[in-house]
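These notes concern the structure reproduced below.
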Amino acid sequence: MANIASVLKAEISRIARKEARAEVESLKKANALHRSAIAGLRRELASLQKQLKQAQRERTPRAAKEQTTDRQYRFSATRLAAHRAKLGVSAADYGRLIGMSGATVYLWEQSKARPRPEQVQQLGMLKEMSRKVILERLEQTKVAKAPKAE
């Protein structure tokens, strides 16, 4: 017959393993819940960062002007032409966005004239806006200038 000490030792080991397994299972479940919560928070953070980035791109012209008054922009005729081409608008429409004529924009693009510093600031702020905001602003200026039908 087996020694009572060895039987007792085996039984204690079995019970200890059972208790440890139960404790580890609860820890595994808690760990899985924490990982799931962390993943959810990461997704939420990514979504909020994306919204923030989009909001910064689509900020209103007034807010852009207030935030960038300290920034100095440089003028480049080729970059102006490239930006206008990228937007797919005419020189007249581009000029309307900054309160100038299409001929003036054309002369700037041809390097036959240079904009004043205030106009360079307006051009710089225009380049920081998203295409969607610029096109909406262009539509607003077209609607405002359209003759009212009575």
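Its DSSP H runs of at least 4 residues, each contributing -39,500 (n - 2.57), put the calculated 222 nm mean residue ellipticity of the chain at -25500 deg cm²/dmol, to the nearest 500.
Backbone geometry of the stretch 9-22 corresponds, through the Karplus equation with coefficients 6.51, -1.76 and 1.60 at θ = phi - 60°, to 3J(HN,Hα) couplings of 5, 5, 5, 5, 5, 4, 5, 5, 5, 4, 5, 5, 4, 5 Hz, x marking Gly and Pro.
Less than 14 Å Cβ to Cβ from S13, Lys/Arg counted +1 and Asp/Glu -1: what total charge do the surrounding residues give?
Working: positive: K9, R14, R17, K18, R21; negative: E11, E19.
Summing Lys/Arg as +1 and Asp/Glu as -1 gives +3.
Evaluating 6.51 cos²θ - 1.76 cosθ + 1.60 at θ = phi - 60° for every residue in the stretch 110-123, the Karplus couplings come out as 7, 6, 8, 8, 10, x, 6, x, 5, 6, 4, 4, 4, 5 Hz, glycine and proline recorded as x.
Computed over the chain with a Gaussian network model linking Cα atoms closer than 10 Å, the most mobile of E11, E109, E136 is E11.
Distance between the pseudo-spin-label points of K142 and H34 (7 Å out from Cα toward the beta carbon): 5.8 nm. With each label modelled as a point 7 angstrom along the Cα→C-beta vector, the A82-L45 pair spans 3.5 nm. Of the residues H34, N3, A85, the one whose Cα sits farthest toward the positive end of the charge dipole of the chain, with +1 on the Cβ of Lys and Arg and -1 on the Cβ of Asp and Glu, is A85.
Among R116, R21, R131, the largest mean-square fluctuation in a Gaussian network model of the chain, built with springs joining Cα atoms closer than 10 Å, belongs to R21. What residue among A85, A22, A32 has the largest mean-square fluctuation in a Gaussian network model of the chain, using Cα springs under 10 Å? Residue with maximal mean-square fluctuation among A85, A22, A32: A22. Answer with a single label: of (i) 25; (ii) 53; (iii) 20, which was calculated as percent of Cα pairs over 27 Å apart from the structure in view? Comparing each candidate, only (ii) matches the computed number.
Each reported figure results from applying straightforward, stated rules to the coordinates on display, with no laboratory input. Please read all numbers here as calculations on a predicted model, not as lab measurements. In this analysis, Cβ positions are derived from the backbone assuming ideal geometry, glycine residues included, and neighbour counts consider all displayed protein chains.
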